[in-house]
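Any read-out appearing in this document is the output of simple, stated calculations on the displayed coordinates, not a laboratory observation. These figures come from a predicted structure and were not determined experimentally. Neighbour counts are summed over all protein chains in view; Cβ atoms, including those assigned to glycine, are modelled from backbone coordinates with ideal geometry.
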Amino acid sequence: MSDLTPWPPSFAARYREAGYWRGETFSDWLHGLAARFADRVAVVDGDRRWSYAELSEAASRTAGWFADLGVEPGDRVVVQLPNVGDYLPVVLGLFRLGALPVFTLPSHRRAEIGHIAAATDAVAYVIPGVWERFDYHGLAASVREVAPSLRHVVDVSQGLSGSKAFEGTGGSAGDVAFLQLSGGSTGLPKLIPRTHDDYLYSVRASAEICRLTTETVYLVALPVAHNFTMSSPGVLGVLHAGGRVVMSPSPAPSVAFPLIEAERVTMTALVPPLAMLWLDAAPSSPADLSSLELLQVGGARLSDEAAARVAPVLGCALQQVFGMAEGLVNYTRHDDPPSLVVGTQGRPISPDDEIRIVSDADAAVPEGEVGHLLTRGPYTIRGYYRADAHNRAAFTTDGFYRTGDLVRQLPSGHLVVEGRAKDQINRGGEKIAAEEVENHLLAHPSVLDASLVAVPDPVLGERTCAYVILRDSATLTVGEVRAFVRSRGLAAYKIPDKVEFVAAFPQTAVGKVSKARLREGLS
Ligand code: OOB
């Protein structure tokens, strides 16, 4: 099982020659930022502030703290933190040590974290203590039962200070720097290995495309560990430009709007349902949002109507972002005409992002027609972490990643997302692999078969409906089904929104379950 499927040497050489891969590690990068932007404020969390010099120093001390604990370069450390200032010293500290953060979301529970910790042989698990009335210590105890490698649970609310600074190289630039979680379409979440070289390229290029400067003030409204928030251009892009990162504990207008006013925030990133919530809340809010220059929206398809309302209602520019944790990120550009900003999901970061749009049989579709999006390039992975069998299906033999998205491309290179072929539900930007939830439903002794499909939702875009066939004479209520899935330790967003009991599933011509007909409500 390979940790990293490398790019073929000829591609790696080309990416180095083009200046994309610079041989710099995150630790080198952070030293550079501390030297360049020393006393400028890097991170704000409530009353706490870190300058660039302080952030680099805190990262070194955190690295020392983990080293004292026995965490070694190359070890995996599961990080489950909300939008708190400590996130950056922890992650940058692990980078400095050369240990690999494994990023998870605060909403993940025993099923996800247990699997991730076990699959990566993680040695430590970083938690926020209690957050939003949920005690992560209890979760940690159950994770330990399934992940025997886990030696340490680290609660950042207890403070990680008092250590000697660790000064190391933080690995090599071609090594895996961290693991990111895939949205997935199969039974268990897949892990994405990103290297220093490839990720830092996407960070630098994103900062440039988004025209970030030392004056940029970025509000972290979405979960900080998501790829969008982290690098598109996100927290890392803003730090790269010497700007300021402001942590918002929640994306709710009641929390985020006063922070925008107080910190004179210039940009932020949202998923479509939150963008719509902000559009509704802004006109009657007393908060002064006039500092906002740019709103990025991505993670799921933004409707053209909502897109058209951003500039008039929020008084800032819109940028659509169509990205994926596996790599490829597309942005609409500042100088794009309004029709492209409103009606497309942008074009790729890199001139070396290769885009193929193909039929079911992998043949190129005629220009401008809808097909499956395949991609490879200088920051798109060539394989998931320790998933050789899955990789054979998820990548073509010549290394293109099968995104599972259905798109068409305009002559300008901009992509329009028209749908999805993968068996995944995009619940307002939160991705749900149907098979993962189906497997949990099938674990119930009264359930004979289960199928999870998307149903349209005016706010979230999609919600989930579980169609369930019960065993003979079994009885279950909707509430019991949902409670059962919850009891399996799944993140709340994966618990079926609707449950329908049926006698049989509609079938396709070849006898497979027809999810298309289930989505139509069995009509
Ligand atoms: C982002 O990353 P993931 O890994 O959570 O999800 C990737 C998938 C894409 O394959 C696509 O199905 C969907 O999310 N998606 C969009 C979209 N942005 C992502 N579908 C339609 N329109 C969009 N604008 O979601 C992500 C990563 C980096 C930057 C932005 C988003």
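With the cut-off at under 20 Å, measuring from each backbone N in segment 381-396 to a point 7 Å along the Cα-to-Cβ line of residue 512 picks out 389-396. Give the separation of the Cα centroids, segment 144-208 to segment 63-116, in Å. Each part's Cα centre sits 6 Å from the other's. For the chain: lysine pairs with Cα atoms under 26 Å, gap of 8 or more or different chains, count? Qualifying lysine pairs in the chain: 19.
So, in Å, what gap is there between the alpha-carbon centers of segment 216-270 and segment 1-45? Each part reduced to its Cα centre gives a spacing of 22 Å. With the simple model of a label 7 Å out from the Cα in the direction of the Cβ, residue 492 to residue 421 spans 3.6 nm. Calculated mean residue ellipticity at 222 nm for the chain: -9000 deg cm²/dmol, from DSSP H runs with n ≥ 4 weighted as -39500 (n - 2.57), summed, divided by the residue count and rounded to 500. Length available on full extension from residue 145 to residue 280: 0.36 nm per residue minus the Cα-Cα distance, which gives 44.1 nm. The magnitude of the dipole of segment 424-520, with charges of +1 and -1 set on the Cβ of Lys/Arg and Asp/Glu and taken from the Cα centre, is near 100 debye. Restricting the calculation to alpha carbons of the chain gives Rg and Dmax of 22.5, 71 angstrom.
Taking each residue as 0.36 nm, the span from residue 40 to residue 290 lengthens on full extension beyond its C-alpha to C-alpha distance by 87.7 nm.
Charge dipole (Cα centre; +1 on Lys/Arg Cβ, -1 on Asp/Glu Cβ; no other charges) of the chain amounts to roughly 520 debye.
Legend: calculated FRET efficiency, residue 304 to residue 520, from the Cβ-Cβ distance at R0 = 30 Å, rounded to 0.05, equals 0.80. Applying 0.36 nm per residue to the separation of residue 469 and residue 359 and subtracting their alpha-carbon distance, the gain on full extension is 36.3 nm. Over segment 109-223, Cα pairs under 8 Å with separation of 6+ residues give a relative contact order of 20 percent. Only one residue of 1, 268, 200 has its Cα farthest out toward the positive end of the dipole of the chain, where Lys and Arg carry +1 and Asp and Glu -1 on Cβ, and that residue is 1. The calculated FRET efficiency for residue 311 paired with residue 250, based on their beta-carbon distance and R0 = 30 Å, is about 0.75.
Using a 7 Å offset from Cα along Cα-Cβ at residue 367, what residues in segment 399-442 end up with backbone N under 14 Å from the label point? Output list for this probe position: 409-414. Based on the Cβ-Cβ distance from residue 501 to residue 459, what FRET efficiency comes out when R0 is 35 Å, to the nearest 0.05? Computed FRET efficiency for residue 501 and residue 459: 0.85. Distance between the 7 Å Cα→Cβ label points at residue 172 and residue 24: 2.0 nm. One Cα centroid belongs to segment 376-447, the other to segment 308-340; the line between them spans 22 Å.
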